[in-house]
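Chemist: First, the structure itself, so that you have it in front of you.
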Amino acid sequence: MLIDGKWSADWHPFQKSDENGRFVRQASSFRNWITPTGEPGPEGQPGEKAEAGRYHLFVNYICPWAGRTLIARSLKKLEDIVSVSVLEPVLSSEGWRFGTFPGASGPDTETGAQYLHQIYTKADPGYSGRASVPVLWDRKRQTIVNNESADILRIFDKGFESLTGEGPSLRPDALRPEIAALNQLLYEGLNNGVYKAGFAKSQSAYEEAVVDVFATLDALETRLSDGRPYLTGNEIVESDIRLFVTLARFDLAYVDLFKCNLKTIREHVFLSRYLERLYGHPAFGGSVHPDHIKAGYYSIKALNPGGLVPMGPLHPFGQTAVPHTSRLDRSAA
């Protein structure tokens, strides 16, 4: 991590733990907003004006939080307005790195950085903390606008409508209370819950987290059992993005590496159908690269010292071939 703008030690996955060994996630540091005219954000956050070509998104395909922003960028038709760079999935001793792993974007042409942490110190030379994705970068001001995925989802939903025209909102007014409740359930029990299991430092903390993960999955399975296509009904909303990114990585990484192994997603009838339905949508399926996801998670030395990457599964909900070329396919060719 960075301390006062200097890289201090090899990257490690553990952030903070409480007195019982429970994983505690670091808060995001850059929380400005993008609005049609540069007015403040919804909670008074400093605002920057929406402009085509001004903003750039740094992501990788392993990270579910970054995956959220890629899906929203596609759903809100921002591909020609907000450009994107994909970092390598394999963690280096200095964290996320720009490089030539198949499917990554290669060297950074935005700032000349070799590692993501150099983007952070360009924005704030005295920055202390972890250098995480996603990062929403302002080319004009040469700084980070926001590095909180939940904020970027909302920015992409409304911030650029003056350029794209109004489209279906990911947070319709009539559904906001329901979406807020779902988001809280998803974050506590599943999105962050799998990390609380994987990075627990005590048996009790691990068991507590795993019980919560599968209780949340059971509640979602019941919710979808009435035949609804998406979480709130017939339309895709923000909560569907938040759920999809964790489901898509569950059988690929969390079952084994994070020891969330009471049951696979494939064994949940309605959740597996829901995952397959969303995976068939280009905005969702296009964000999932199983070779990046497995290479990235299994490069975490604290959890997998040998660095061996399992051959399967090849697909978020089974062993079937996927439309995205895998590393195995490329090496065989």
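Chemist: Could you check how many residues of region 110-120 are part of a loop (DSSP other than H, G, I, E, B), open to solvent by 20 Å² or more (accessible area, probe 1.4 Å) and within 23 Å of Ile152 (Cβ to Cβ)? Let's see the steps before the verdict.
Modeler: Pass one, region 110-120, residues part of a loop (DSSP other than H, G, I, E, B): 110-114.
Within this subset, residues satisfying the condition of being open to solvent by 20 Å² or more (accessible area, probe 1.4 Å) are 110-112, 114.
Filter once more, so that each one left must be within 23 Å of Ile152 (Cβ to Cβ): 110-111.
Total satisfying the criteria: 2.
Chemist: Please name all residue pairs, on different chains or six or more residues apart, with Cβ atoms under 9 Å, provided the first residue is in region 95-119 and is more than 17 Å from Tyr55 (Cα to Cα) and acidic (Asp, Glu) and the second residue is open to solvent by less than 20 Å² (accessible area, probe 1.4 Å) and assigned to a loop (DSSP other than H, G, I, E, B).
Modeler: none
Chemist: Tally up the residues in region 84-109 that are touching a Lys or Arg at 6+ places or on another chain (Cβ under 9 Å), of a type outside the set (A, V, I, L, M) and not in a loop (DSSP other than H, G, I, E, B), please.
Modeler: Count: 1.
Chemist: Condition (residue is assigned to a strand (DSSP E or B), modelled with pLDDT under 90 and not aromatic (Phe, Trp, Tyr)) applied to region 5-23: is it met by at least one residue?
Modeler: In the first step, residues of region 5-23 are kept if they are assigned to a strand (DSSP E or B); the result is 6-7, 16-17, 23.
Those left that are additionally modelled with pLDDT under 90: 16-17, 23.
Right, trim to not aromatic (Phe, Trp, Tyr) and you get 16-17.
Yes, region 5-23 contains at least one residue that is assigned to a strand (DSSP E or B), modelled with pLDDT under 90 and not aromatic (Phe, Trp, Tyr).
Chemist: Mind listing just one residue for me: the one in region 193-220 that is among the hydroxyl-bearing types (Ser, Thr, Tyr) and in a helix (DSSP H, G or I) and, of those, nearest to Ile241 (Cα to Cα)?
Modeler: Just the residues of region 193-220 that are among the hydroxyl-bearing types (Ser, Thr, Tyr), to begin with: 195, 202, 204, 206, 216.
Restricting the remaining residues to those that are in a helix (DSSP H, G or I) gives 195, 204, 206, 216.
Numbers: Tyr195: 18, Ser204: 30, Tyr206: 26, Thr216: 16 Å.
So, considering only residues that are among the hydroxyl-bearing types (Ser, Thr, Tyr) and in a helix (DSSP H, G or I), the one nearest to Ile241 (Cα to Cα) is Thr216.
Chemist: Under 6 Å between Cβ atoms, at least 6 apart or on separate chains: pull out the pairs that start in region 216-238 with a residue that is without any contact (Cβ under 8 Å) to a residue 60 or more places away in the chain and end on any residue that is open to solvent by 60 Å² or more (accessible area, probe 1.4 Å).
Modeler: Glu221/Phe270; Leu224/Phe270; Ser225/Phe270; Thr232/Glu178
Chemist: May I pose another question? Checking Val133 against (1) in contact (Cβ under 8 Å) with a residue 12 or more places away in the chain; (2) open to solvent by 40 Å² or more (accessible area, probe 1.4 Å); (3) closer than 24 Å to Asn183 by Cα, which single condition isn't satisfied?
Modeler: (2)
Chemist: Still on this structure: For region 38-79, give me each residue that is charged (D, E, K, R) and outside any loop (DSSP other than H, G, I, E, B). I'd like the intermediate steps shown before the answer.
Modeler: Filtering region 38-79 for residues charged (D, E, K, R) gives 39, 43, 48-49, 51, 54, 68, 73, 76-77, 79.
Those that are charged (D, E, K, R) and outside any loop (DSSP other than H, G, I, E, B): Glu48, Lys49, Arg68, Arg73.
Chemist: Given the conditions (1) under 30 Å from Pro36 (Cα atoms); (2) hydroxyl-bearing (Ser, Thr, Tyr); (3) surrounded by fewer than 18 Cβ atoms within 10 Å (Cβ to Cβ), and given that Thr100 satisfies all but one, which numbered condition is not satisfied?
Modeler: Condition (1) is where Thr100 drops out.
Chemist: Quick one: would you say Ile152 is open to solvent by less than 10 Å² (accessible area, probe 1.4 Å), in a helix (DSSP H, G or I) and under 18 Å from Pro64 (Cα atoms)?
Modeler: Working: open to solvent by less than 10 Å² (accessible area, probe 1.4 Å): yes; in a helix (DSSP H, G or I): yes; under 18 Å from Pro64 (Cα atoms): yes.
For Ile152, the condition - open to solvent by less than 10 Å² (accessible area, probe 1.4 Å), in a helix (DSSP H, G or I) and under 18 Å from Pro64 (Cα atoms) - is met.
Chemist: Just the residues that are surrounded by fewer than 23 Cβ atoms within 10 Å (Cβ to Cβ) and out of contact with any helix residue (DSSP H, G or I) (no Cβ under 8 Å at 6 or more places or on another chain), please, taken from region 270-302.
Modeler: Answer for region 270-302, where residues must be surrounded by fewer than 23 Cβ atoms within 10 Å (Cβ to Cβ) and out of contact with any helix residue (DSSP H, G or I) (no Cβ under 8 Å at 6 or more places or on another chain): Glu276, Arg277, Gly280, His281, Ser299, Ile300, Lys301, Ala302.
Chemist: Select, from Pro172, Pro177, Pro125, the only residue that is in contact (Cβ under 8 Å) with a residue 60 or more places away in the chain, open to solvent by 50 Å² or more (accessible area, probe 1.4 Å) and over 30 Å from Asp256 (Cβ atoms). Let's see the steps before the verdict.
Modeler: Values: Pro172 fails: open to solvent by 50 Å² or more (accessible area, probe 1.4 Å); Pro177 fails: in contact (Cβ under 8 Å) with a residue 60 or more places away in the chain.
Residue meeting the stated conditions: Pro125.
Chemist: Scan region 184-192 and give yes if some residue there is at negative phi, free of Cβ contacts under 8 Å to residues at least 24 places away in the same chain and not in a loop (DSSP other than H, G, I, E, B), otherwise no. Before you say what the answer is, go through the steps one by one.
Modeler: From region 184-192, those at negative phi are 184-192; that's our starting set.
Applying the additional criterion that residues be free of Cβ contacts under 8 Å to residues at least 24 places away in the same chain yields 184.
Those left that are additionally not in a loop (DSSP other than H, G, I, E, B): 184.
Yes, region 184-192 contains a residue that is at negative phi, free of Cβ contacts under 8 Å to residues at least 24 places away in the same chain and not in a loop (DSSP other than H, G, I, E, B).
Chemist: Quick one: which of Leu308, Leu328 is over 20 Å from the mean Cα position of the chain (by Cα), open to solvent by 70 Å² or more (accessible area, probe 1.4 Å) and modelled with pLDDT of 95 or more?
Modeler: Details: Leu328 fails: modelled with pLDDT of 95 or more.
That would be Leu308, the only listed residue that is over 20 Å from the mean Cα position of the chain (by Cα), open to solvent by 70 Å² or more (accessible area, probe 1.4 Å) and modelled with pLDDT of 95 or more.
Chemist: Across region 223-250, what is the total count of residues that are open to solvent by 10 Å² or more (accessible area, probe 1.4 Å) and assigned to a helix (DSSP H, G or I)?
Modeler: Filtering region 223-250 for residues open to solvent by 10 Å² or more (accessible area, probe 1.4 Å) gives 223, 225-230, 232-236, 242.
Keeping just the survivors that are assigned to a helix (DSSP H, G or I) gives 223, 242.
So the answer is 2.
The values are calculated or read from the model by the stated rules, or taken from the named source; none is laboratory data. No experiment lies behind these values; they were computed from the predicted model shown. Glycine gets a Cβ as well: all are built from the backbone with ideal geometry, and neighbour counts include every protein chain shown. For the accessible areas, the whole protein counts, side chains as well, though only heavy atoms, and no ligand, DNA or RNA atoms are used. Shrake-Rupley method; radii C 1.70, N 1.55, O 1.52, S 1.80 Å.
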